[in-house]
1. List the GluC sites (Glu not before Pro) within the stretch A:1-100 that fall in a DSSP loop (any state other than H, G, I, E or B) and whose Cβ has at most 15 other Cβ atoms within 10 Å.
2. Over the stretch B:46-141, what is the relative contact order in percent, taking alpha-carbon pairs closer than 8 angstrom and at least six residues apart?
3. If packing is taken as the average number of other Cβ atoms within 10 Å across a peptide's residues, how do A:207-217, A:236-246 rank, most packed first?
4. Between Rg and the Kirkwood Rh of chain A, both from Cα atoms, what is the Rg to Rh ratio?
5. Express the carbon and sulfur contribution to the solvent-accessible surface of the stretch A:191-303 as a percent, rounded to the nearest whole number, probe 1.4 angstrom.
6. Return the residues of the stretch A:116-130 for which accessible area with all protein chains present is lower than in the chain on its own by 50 Å² or more; set the probe to 1.4 Å and exclude ligands, DNA and RNA.
7. Can you give me the % of accessible surface on the stretch A:93-165 that is carbon or sulfur? Probe 1.4 Å, all protein chains present, nothing else counted.
8. How much area per residue is accessible in the stretch A:1-77 when the probe is 1.4 Å and only protein heavy atoms are counted (Å²)?
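The values are calculated or read from the model by the stated rules, or taken from the named source; none is laboratory data. All of these numbers come straight from a predicted model, not from anything done at the bench. As a convention, Cβ positions derive from the backbone with ideal geometry for all residues, glycine included, and neighbour counts pool all protein chains shown. Protein only, heavy atoms only, side chains kept; ligands, DNA and RNA dropped before computing areas. Shrake-Rupley method; radii C 1.70, N 1.55, O 1.52, S 1.80 Å.
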Amino acid sequence: MKLIDIRDKTAIVGVGNTPFRALYRKKDPRRNSYTLGLEAFESALEDSGLCKEDIDGVIINRIPSYTKMCVMAGIKNPRLTNIFEAAGRMSGIALQYAAMAVYTGMANVVACIYGNDGWSAGATYGGESQMIDSYNFPFGMTSPGASLALMWQRHMHEYGTSEDDLGVLAISQRKFASMNPNAVMRTPLTMDQYMSARYICYPLRIYDYCLINDGGVCLIVTTAQRAKECKKRPVYIMGTSQAANHTPYYHSPDYGWDAMKLVADQVYSMAGVGPKDIDCAQIYDNFLPTVMLSLEGYGFCPKGESGRWIRGGRIEPGGELPVNTSGGHCSESYMQGWALHAEAVRQLRGECGDRQVNDCEIVQYICSSPICSSHILRR
Amino acid sequence: MTQYTKPLPIPNDFDRPYWTALKKHELRMQKCLDCGEIWFPPNPVCPKCLSHNHQWIKLSGKGKVWSWVLFHQLYFPSFSEETPYNVIAVKLDEGPLMTSNMVECNNEDIYCDMLVEVFFDDVTELITLPKFRPAGRPKEV
Ligand SMILES: [Zn+2]
């Protein structure tokens, strides 16, 4: 079998999510990933026009137990059940597995359900709540953000990029968020505000870090054939790819580009398009340097050029390549890639209101992390 | 001596020689006797050829700052007094990349590709941490 045989053969037919902004304003220790996932599932099911009995595959992420989740959703005998570890890299991977399952017939309709109660539960993503790391903790080294800070410092040294390049990106994403009623952070940001913000781990500031907030997202995946019977216009998976970057640390001297190249080569050849054909990109922004390294790693611009390339409105509303049109993880919601997928689908359906990208036909999702993944989706 | 409150390593069966060598003020890492690979962090087998034959060789202790950061966020309360504190990623002359702190140098004076040499910091009676200082300074007394 050739990968291009799978092009356009699977589709996302339902997306759903909880409110993000409202939940952020009201912390609630009783809130949990199951109820958040359930709410998103109900919403995605409604969006797809399918009924619960059509779902015969369930993949969950960041929700601890598939049994409990399926009991709550009343899905008793799915033909496919799985759980992916609670890491953001897994959203793209989950969609890819769902697509493989429906393409092969191992399931007909897969619900991918995600729930995140990190805000109410007080998640910190670093420090002594994590398992002891003998080669890092004694020096005070912790958190993936610090690894991105190391990579960005090196990138600035090697290529002459700068701290305010990240400010350009932060401001652009916030512009999109200001047009997104569900975004957690909607107040426009200026370069002065960005530059005077406190450092979390120099050279990264608070605006370079993803939010921590509660929410749930669900995607429903089926075959292209079945998709035609669903309520809304299907969003086809043209290409999908992953390649890992397994190294001793979260940072790596090649910036993760070796893995990104493998992913890019496969996803573009499978989809039969290239970076120039992408109408908007949803790029995993756990920390803003990840977006810059991705733009370079996928060939949107040459290595070292992202700082210059994103200027002049290119990635902003109305630009040549709008990036993170919901506001992304730093301004809309930290749903570990899941909400970026939902945004990709809604952009392709033309459901994004003020922030809608004109004539949006092809969207790319990119996540660069210890497992890099990418999809190219079309309407 | 005041109580040391920062996080400490927990030596395990296969990295104990690393910590034992540090105690003697030697930076030792594993070198594969079959393919010559030198690796870090410690690993039970050679990650390049999976050979079980390795030797804990003594390294020069010299390297370059691949990159560096300053922690402003207080993830470890025990670091509060020196926040913001530096963390460096050192590319050793022998190849491996390791995490450490720069000592005997102001944070403002650290830069990428700076030449450094190991400095053994006896933080407790049992544990010595490999830190780094600018290369070429007079040896510790
Ligand atoms: Zn070997």
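1. The qualifying sites are A:GLU85.
2. 25
3. Per-residue Cβ counts within 10 Å, averaged per peptide and sorted highest first, yield A:207-217, A:236-246.
4. 0.94
5. Ligands and nucleic acids excluded, carbon and sulfur give 53 percent.
6. A:GLU128
7. Values: 1300 of 2350 Å².
Accessible surface attributable to carbon and sulfur in the stretch A:93-165 totals 56 percent.
8. 51
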